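Peer 1: Below: one structure in structure tokens.
The values are calculated or read from the model by the stated rules, or taken from the named source; none is laboratory data. What you see is a predicted model, and the numbers here were worked out from it, not measured in a lab. Cβ coordinates were reconstructed from backbone atoms using ideal geometry, including for glycine residues, and neighbour counts include every protein chain displayed. Keep in mind that these areas ignore ligands, DNA and RNA; they rest on the heavy atoms of the full protein, side chains included. Shrake-Rupley method; radii C 1.70, N 1.55, O 1.52, S 1.80 Å.
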Amino acid sequence: MYLHTATVKQDKMIDTLNNTKLARINEVLAATQPLHHGFLGGTLGLLYYYYYAAEALQDESLYDKADVLIEQVFENLNNDSSLLSGYAFSDGAAGLGYVLNNLQQNGLLEFDVETELAGIDRYIFDSALDHIAQTEVDYLHGAMGALHYFSSRLQTPVINQYVNDLTAAFCAAAISHGDGIYFLNFSLERLNDKKIDLGLAHGLPGLLLLLINAWPHLKDKEQVATIIKRGISFILEQEQPASLSTEEYSAFPCYLELDPYQSVRIDRLAWCYGDLNTVLLLYRAGKLLGTDAYTNIADQIGLASANRKSEEATLSKDTHFCHGSAGLAQFYKCLYQESGNPAYLDAYHFWIGVTMDLIDQEIEKKQYATNPVSILEGWPGVALVLTEYITDRPMNWPKAFLL
């Protein structure tokens, strides 16, 4: 079953239809009270959307909504009732720091990051370093989310030391496998010691992309280059034949079982899992390390993925960012920016079209009723993608998600 067959004109204009869809999403969000202040599922993700959309659309009402939410966050922090959980990027202090720093750097919020976050920064660093020792290295829910945050900061001596210490500890946790390496990740119960995850959200491609992000700030680049190369070697060893005709769509498994050793293939194509994660890693590693072989493999697998447009070939059946059409659209836009290949731009417009087709019916059936303000699995992520498409302006919100 194909989700969308209409093409979207590339010479698009801001039209009434698209603005109406965005307005409907904003109505849903305005009627929802966040359950907590976390970035991925709460207040911080919602205000992140509001500030970026307000700037892009020059909409004072969205600025007002964002200001109210940030005041709530600060008030709760001052009263020691922050509605945050621990230090993680997903719903803790690293997510708070990342959002405040990102908004400040992009001129969307006035905030003295260096002074106000110094105490929180130390807590985040100490927690992350401890969790690396406990093999809790997850990007969203563990130690590497802290590295992502610190890599985004102005590199003062203290922050740069945090970046280098966390990187060194993480690299020391690598497990050799032939010519390659991998990492175990115990941050989530389902990521037990018998699995090697190969997704962006929780696995090896995402972890290596975080090292690439940190690269400009690292002192021991030789060690990190070796980790990146060996990590890619491990991933490429897992490549398996893919064929649209035989309905074996993915070139790489979703994860590996260690006991007994076997690969588990799930034909998801998404922000969180799938071939696009490895394609992005290869483009960036190829550029960073000057390795044309990585770029050539990325071209081959990435362009093949652009032909996967059905629900069966992608497992995409709704709009949300994590593993729906909005995330696919933004991912292909990112790949176009990385490579300049127009096939990715075509794929971006295709998945934007899918997203447009689904929005109204999803709102009618209350698709994300459990938590509409979740930036990954609710409406803010969809709205960010749609806002960037409508305004056709460069925006820095995708950096939070490595895009």
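Peer 1: In region 269-308, what residues are buried (at least 20 other Cβ atoms within 10 Å of the Cβ) and among the basic types (Lys, Arg)?
Peer 2: 284, 308
Peer 1: Provide a single number: the residues in region 18-30 that are touching a residue at least 60 places away in the same chain (Cβ under 8 Å) and either touching a Cys at 6+ places or on another chain (Cβ under 8 Å) or open to solvent by 10 Å² or more (accessible area, probe 1.4 Å) (or both). Please lay out each step first, then the result.
Peer 2: Just the residues of region 18-30 that are touching a residue at least 60 places away in the same chain (Cβ under 8 Å), to begin with: 18-19, 21-22, 24-26, 28-29.
Those still in the list that are either touching a Cys at 6+ places or on another chain (Cβ under 8 Å) or open to solvent by 10 Å² or more (accessible area, probe 1.4 Å) (or both) too: 18-19, 21, 24, 26, 28.
Of the residues in that region, 6 qualify.
Peer 1: Take residue 139 and tell me if it is out of contact with any strand residue (DSSP E or B) (no Cβ under 9 Å at 6 or more places or on another chain) and closer than 17 Å to residue 210 by Cβ. Spell out the reasoning first.
Peer 2: Details: out of contact with any strand residue (DSSP E or B) (no Cβ under 9 Å at 6 or more places or on another chain): yes; closer than 17 Å to residue 210 by Cβ: yes.
In short, yes.
Peer 1: Let me ask something additional. How many residues are of a type in the set (Phe, Trp, Tyr), out of contact with any strand residue (DSSP E or B) (no Cβ under 6 Å at 6 or more places or on another chain) and farther than 18 Å from residue 347 by Cα if we restrict to region 255-272? Explain how you work it out, then say what you get.
Peer 2: Let us first name the residues in region 255-272 that are of a type in the set (Phe, Trp, Tyr), namely 255, 261, 271.
Subsequent filtering for residues that are out of contact with any strand residue (DSSP E or B) (no Cβ under 6 Å at 6 or more places or on another chain) retains 261, 271.
So of that shortlist, the ones also farther than 18 Å from residue 347 by Cα come out as 261.
Here the count works out to 1.
Peer 1: Out of (1) at pLDDT below 95; (2) closer than 23 Å to residue 140 by Cα, the odd one out for residue 259 is which?
Peer 2: Going through (1) at pLDDT below 95; (2) closer than 23 Å to residue 140 by Cα one by one, residue 259 breaks only (2).
Peer 1: Another one. Take residue 125 and tell me if it is touching a Gly at 6+ places or on another chain (Cβ under 8 Å), closer than 30 Å to residue 186 by Cα and not aliphatic (A, V, I, L, M).
Peer 2: Values: touching a Gly at 6+ places or on another chain (Cβ under 8 Å): no; closer than 30 Å to residue 186 by Cα: yes; not aliphatic (A, V, I, L, M): yes.
No: the conditions fail for residue 125.
Peer 1: Of the residues that make up region 87-106, is at least one under 22 Å from residue 231 (Cβ atoms) and either open to solvent by less than 20 Å² (accessible area, probe 1.4 Å) or touching a residue at least 60 places away in the same chain (Cβ under 8 Å) (or both)? Steps first, please.
Peer 2: Step one: of region 87-106, the residues under 22 Å from residue 231 (Cβ atoms) are 89.
Now narrow it down to the ones that are either open to solvent by less than 20 Å² (accessible area, probe 1.4 Å) or touching a residue at least 60 places away in the same chain (Cβ under 8 Å) (or both): 89.
Checking region 87-106: at least one residue is under 22 Å from residue 231 (Cβ atoms) and either open to solvent by less than 20 Å² (accessible area, probe 1.4 Å) or touching a residue at least 60 places away in the same chain (Cβ under 8 Å) (or both).
Peer 1: Would you say residue 313 is among the aliphatic types (A, V, I, L, M), closer than 20 Å to residue 277 by Cβ, in a helix (DSSP H, G or I) and touching a helix residue (DSSP H, G or I) at 6+ places or on another chain (Cβ under 6 Å)?
Peer 2: Working: among the aliphatic types (A, V, I, L, M): yes; closer than 20 Å to residue 277 by Cβ: yes; in a helix (DSSP H, G or I): yes; touching a helix residue (DSSP H, G or I) at 6+ places or on another chain (Cβ under 6 Å): no.
Spelling it out, it is not the case that residue 313 is among the aliphatic types (A, V, I, L, M), closer than 20 Å to residue 277 by Cβ, in a helix (DSSP H, G or I) and touching a helix residue (DSSP H, G or I) at 6+ places or on another chain (Cβ under 6 Å).
Peer 1: Residue by residue through region 338-387, note down the ones that are of a type outside the set (D, E, K, R), open to solvent by 30 Å² or more (accessible area, probe 1.4 Å) and assigned to a loop (DSSP other than H, G, I, E, B). Show your work before the answer.
Peer 2: Residues of region 338-387 that are of a type outside the set (D, E, K, R), as a first pass: 339-345, 347-356, 358-359, 361, 363, 367-376, 378-387.
This time we only want the ones that are open to solvent by 30 Å² or more (accessible area, probe 1.4 Å), so: 339-343, 345, 361, 367, 369-371.
Answer for region 338-387, where residues must be of a type outside the set (D, E, K, R), open to solvent by 30 Å² or more (accessible area, probe 1.4 Å) and assigned to a loop (DSSP other than H, G, I, E, B): 340, 341, 367, 369, 370, 371.
Peer 1: Given the criteria modelled with pLDDT of 95 or more, assigned to a helix (DSSP H, G or I), more than 23 Å from residue 327 (Cβ to Cβ) and not β-branched (Val, Ile, Thr), does residue 287 qualify? Steps first, answer last, please.
Peer 2: Numbers: modelled with pLDDT of 95 or more: yes; assigned to a helix (DSSP H, G or I): yes; more than 23 Å from residue 327 (Cβ to Cβ): no; not β-branched (Val, Ile, Thr): yes.
Here the answer is no, as residue 287 does not meet what is asked.
Peer 1: Only one of 248, 237 is open to solvent by 70 Å² or more (accessible area, probe 1.4 Å) and either in contact (Cβ under 8 Å) with a residue 40 or more places away in the chain or among the hydrophobic types (A, V, I, L, M, F, W, C) (or both). Can you tell me which? I'd like the intermediate steps shown before the answer.
Peer 2: Working: 248 fails: either in contact (Cβ under 8 Å) with a residue 40 or more places away in the chain or among the hydrophobic types (A, V, I, L, M, F, W, C) (or both).
Residue meeting the stated conditions: 237.
Peer 1: Right, here's the next one. Which is in contact with a Ser or Thr (Cβ under 7 Å, 6 or more places away or on another chain) and charged (D, E, K, R), of 67, 91, 80? Steps first, answer last, please.
Peer 2: On the way: 67 fails: in contact with a Ser or Thr (Cβ under 7 Å, 6 or more places away or on another chain); 80 fails: in contact with a Ser or Thr (Cβ under 7 Å, 6 or more places away or on another chain).
Going through 67, 91, 80 in turn, just one is in contact with a Ser or Thr (Cβ under 7 Å, 6 or more places away or on another chain) and charged (D, E, K, R): 91.
Peer 1: With respect to residue 392, determine if the residue is under 24 Å from residue 25 (Cα atoms) and surrounded by fewer than 17 Cβ atoms within 10 Å (Cβ to Cβ).
Peer 2: yes
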